[in-house]
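The values are calculated or read from the model by the stated rules, or taken from the named source; none is laboratory data. The shown structure was predicted, so the numbers you read here are calculated from the model rather than taken from an experiment. Heads up, the Cβs are rebuilt from the backbone with ideal geometry, glycines too, and the neighbour counts pull from every protein chain shown. With ligands, DNA and RNA removed, areas are computed over all heavy atoms of the protein, side chains included. Shrake-Rupley method; radii C 1.70, N 1.55, O 1.52, S 1.80 Å.
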Amino acid sequence: MSHLSFSEGDLLHPTSSIASPLTESAPALSPLFSMVTLQDFQEGEKHRDFYFCDFIQVKAGDGICSFPSTLIESSILREKLETLKGNEFLNLEGFSYPEAHAFLEVADARLVSGDKHYTFQQWVSALSVANHLQLDNIRSYAAKSIEDGLLRLDPFECIEVAEKRRNREWLLIPFRRICQRPEPLSPSEILRLGLDRASAVSKARENLMKVIHSRGLFDTVYGGSAPPSSVQTTFADDALQLVGAEPLLSQLAPEPKPSTGDPVDHMGVPSSNLSSSSLISMKLRDCLYRLPLHYFGNRGLIPNLVASRVDQGAISLPSDLNTSDWEVFLKIITARPYDQPEESFTFSEWMGGLRAARRLDYDRAIAYIFRQIQKAYPNQDAVDLLEAAWFAEATPSQWLQDRYAILSLRSTAISSEEMRRIGVDASAEVCKLREQTAYDKGESEGERATAEVWKAKEQAAYERGKRDGEIASDEAWRVKEQAAYERGKEEGGGKSGANRRSQGLGNSRRLGPPSLFVSYGILPEDPDSTF
């Protein structure tokens, strides 16, 4: 069955504002929220999915419960309904009124409003009734919640319910949790368990302490901070093994003898019955809607309008509320824990539901929708996500800073339209980051430009030095060559004169004295002169 149709749980929560109207703080109504007369109410068209109306009276124990008709029609009571005569009630045989009421409470659970306030006893009662009525969705939901409850809810209550329901499997985890906790048993807890079981718990705790000490993990486990997951797993396994070794903790106690008096169910009787009186009628344009008031929370626009109305007519919703946004919002707040709305909606539909939740000032729905957007759309455009954050009035977080950073690195500047969408605070933050980014980029580019200039200068100096070095080298070689030339010339000239003198002297010995050659004009008077 779709969560859009009149479902198993279109009922009043016992703590909803209908039981104690918000008359003390109701605001004065403006013309925007004018009341609709009964005639207007009758003339409107009832919405196919969101106009809840039919209830069937069911007798459970000594009380009468109002069951939604579709809940009966989808259960094994449907056949009995067809045979009813006159003012007869359907009879939920074998169940007390508190058990039937607990079942209706669980069947009425919604994703937005949550289900963490139910006790272990309520979950078990709901599972029993759902099994009897063969309602698979509620049965699976209650069974899963019981598994979670064994780890989360009061362990002493879990043990008491396990004994009452004669379910041994529900004993081990609560006793394990009691043995693992740092605090010892209190006097009231000893009385609640009984002396025999309290003694067995004390023995198991002592043995667990010894095991933890022997492994050198005492400070890690009881040091105050959360130990690593591997240590937690080992600790839990050790505790469970020690609990299992104690028969008084792992086995059900002997079943008590039936009481001779009237049976008393200690779960508690609800303060008000569930009926069509819990429904609130609303009108948007020409369409009528009828839903339980507690679907809209205890505070916000709709509860305030209900508390301020002067008759039982339908309240008029704000005229600026978009119909599509409103109906997506209704789909979200009526979704049950075993529905999966995150797989049914697009990003734009989630945004429509968020706009409606903001317009109606329903904080719980706003927070829920925003969490779904964050989880399902991490890579959505940063402006879209920051717009969602603006509607949700999100507090500063790393998630927001990451989206600001994305826009700060974008090549195009943020436009006025984008500023309108994300709000002034986010706009200011993005502008600041973009300016810082631009400054850092300019500084980086300036450093690169300076480095390039210096590199060019160094290259030019190198080339000039190389060129000057070559010139100097050539000049040095010329100087060296000239010096070598001069030296060679000098040395070559001296050697030549000496040779000539030596040769001349030799000839003179053969030809006669030099003076003879001088006198004949063959040799110059200066022997070192040339011819």
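Okay, here's what the table says:
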item: Filtered residues of segment 361-390 (kept if in contact (Cβ under 8 Å) with a residue 60 or more places away in the chain and outside any helix (DSSP H, G or I)); result: D361, Y362
item: Residues being outside any helix (DSSP H, G or I) and surrounded by fewer than 20 Cβ atoms within 10 Å (Cβ to Cβ) - total across segment 317-335; result: 5
item: Single match in E160, E93 (criterion: closer than 22 Å to I64 by Cβ and either touching a helix residue (DSSP H, G or I) at 6+ places or on another chain (Cβ under 7 Å) or open to solvent by 10 Å² or more (accessible area, probe 1.4 Å) (or both)); result: E93
item: In segment 338-354, residue surrounded by the fewest Cβ atoms within 10 Å (Cβ to Cβ) [restricted to those that are of a type in the set (G, A, S) and modelled with pLDDT of 95 or more]; result: S348
item: Filter pass, D238 being among the acidic types (D, E), surrounded by 14 or more Cβ atoms within 10 Å (Cβ to Cβ) and assigned to a helix (DSSP H, G or I); result: yes
item: Hits in segment 65-95 - residues which are aliphatic (A, V, I, L, M) and more than 20 Å from Q121 (Cα to Cα); result: L71, I72, I76, L77, L81, L84, L90
item: Criterion (among the aliphatic types (A, V, I, L, M), touching a residue at least 40 places away in the same chain (Cβ under 8 Å) and touching a helix residue (DSSP H, G or I) at 6+ places or on another chain (Cβ under 7 Å)) met by exactly one of L185, L240; result: L240
item: Close pairs from segment 391-403: first under 13 Å from P378 (Cα atoms) and open to solvent by less than 40 Å² (accessible area, probe 1.4 Å), partner assigned to a loop (DSSP other than H, G, I, E, B) and of a type outside the set (S, T, N, Q), Cβ under 7 Å, at least 6 apart; result: L400/A394
item: Options S128, S140, S113; residue that is open to solvent by 60 Å² or more (accessible area, probe 1.4 Å) and among the hydroxyl-bearing types (S, T, Y); result: S140
item: L274 vs. criteria crowded, with 19+ Cβ neighbours inside 10 Å and either in contact with a Gly (Cβ under 6 Å, 6 or more places away or on another chain) or at pLDDT 80 or above (or both); result: no
item: Candidate set from segment 212-235 (those that are over 22 Å from L171 (Cα atoms) and touching a residue at least 24 places away in the same chain (Cβ under 8 Å)); member that is surrounded by the fewest Cβ atoms within 10 Å (Cβ to Cβ); result: Y222
item: Test result for E73, at pLDDT 85 or above, open to solvent by 70 Å² or more (accessible area, probe 1.4 Å) and closer than 30 Å to G313 by Cα; result: no
item: Top-ranked residue in segment 414-473 [being of a type in the set (D, E) and modelled with pLDDT of 90 or more; ranked as surrounded by the most Cβ atoms within 10 Å (Cβ to Cβ)]; result: E429
item: Single condition A357 does not satisfy, out of (1) part of a helix (DSSP H, G or I); (2) in contact (Cβ under 8 Å) with a residue 60 or more places away in the chain; (3) out of contact with any strand residue (DSSP E or B) (no Cβ under 7 Å at 6 or more places or on another chain); (4) open to solvent by less than 10 Å² (accessible area, probe 1.4 Å); result: (2)
item: Out of D136, D108, sole residue that is of a type in the set (D, E, K, R), in contact with a His (Cβ under 8 Å, 6 or more places away or on another chain) and modelled with pLDDT under 95; result: D108
